[in-house]
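Report on the structure given below.
The values are calculated or read from the model by the stated rules, or taken from the named source; none is laboratory data. The structure displayed is predicted, hence computed values, not measured ones. Every residue, glycine as well, gets a Cβ built from its backbone with ideal geometry; the counts of neighbours run over all protein chains shown. Heavy atoms of the whole protein, side chains included, go into the accessibility calculation; ligands, DNA and RNA do not. Shrake-Rupley method; radii C 1.70, N 1.55, O 1.52, S 1.80 Å.
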Amino acid sequence: MLSVVVLISGTGSNLLALLKATESPLVPVRILAVGSDGPALGLAHADLYGVPTFVVERSRFPDRESWAKKLQETVEHFNPDLVALAGFMKILPPAFVNRFSPNLINIHASLLPLFPGANAVRDTLAAGVSETGATIHVVDAGVDTGPIILQRKVQVMPGDDVPTLHERIKVHERELLIDTIIGVAEKRIDLAKI
Ligand code: GRF
């Protein structure tokens, strides 16, 4: 059984898909806890599934390092095999990344290495490209630069805006996140060798 702590910042649709997937007794994954960096709507999904939640608010700490140390200690308390960033919108400092990577993964709404950063879908549309995608990668010290685990292409349609394109990408993000975590649990994916 692979134990996972999920970190979110927003609506948590990826988290919800993962919680649904792990309901099956055939899926050897257990979500131990869900954390966020503020009052995220998605925490309600964890509540619904009876999964413990925690919030470590950035604004309550004088700097990023002390905030991340508290976040690290809180995650460590659950002793997970894997930490999944599922729409977690804060950059984690090297101490946190070094503690958990390569067992620290992130989803991203572009075909990395194209369009890293917090505004991937907006940047994709601004660039006028006809194809984008979804990526899941191991987190390293950079921003969206870590080794790519799985990727899927998504077409940009005429008339797409940020919400329509993002929602189409997220359908694939959810599948990639679930496939990756189950792959790690079933030892088909070795994060140390990506
Ligand atoms: C995802 O598109 C993720 O790639 C991005 O934030 C979004 C989170 O969506 N970083 P949700 O909160 O899981 O609905």
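Summed over the range 121-138, residues that are aliphatic (A, V, I, L, M) and either within 12 Å of the ligand (Cβ to nearest atom) or free of Cβ contacts under 8 Å to residues at least 24 places away in the same chain (or both) total 5. Residues of the range 45-76 that are aliphatic (A, V, I, L, M), farther than 13 Å from residue 90 by Cβ and open to solvent by less than 60 Å² (accessible area, probe 1.4 Å): 46, 51, 75.
If you filter the range 99-120 down to residues that are in a strand (DSSP E or B) and within 10 Å of the ligand (Cβ to nearest atom), you find that the one that is nearest to residue 69 (Cα to Cα) is 106.
Among the residues of the range 3-23, those that are open to solvent by less than 10 Å² (accessible area, probe 1.4 Å) and closer than 11 Å to residue 35 by Cβ comprise 5, 6, 7, 8, 15. Scanning the range 55-94 for residues that are within 17 Å of the chain's Cα centre (by Cα) and aromatic (Phe, Trp, Tyr) yields a count of 1. Just one of the listed residues (133, 183) is more than 30 Å from residue 79 (Cβ to Cβ) and open to solvent by less than 30 Å² (accessible area, probe 1.4 Å), namely 133. Just a yes or no: is a residue in the range 72-84 under 18 Å from residue 39 (Cα atoms) and of a type in the set (D, E, K, R)? Checking the range 72-84: not a single residue is under 18 Å from residue 39 (Cα atoms) and of a type in the set (D, E, K, R).
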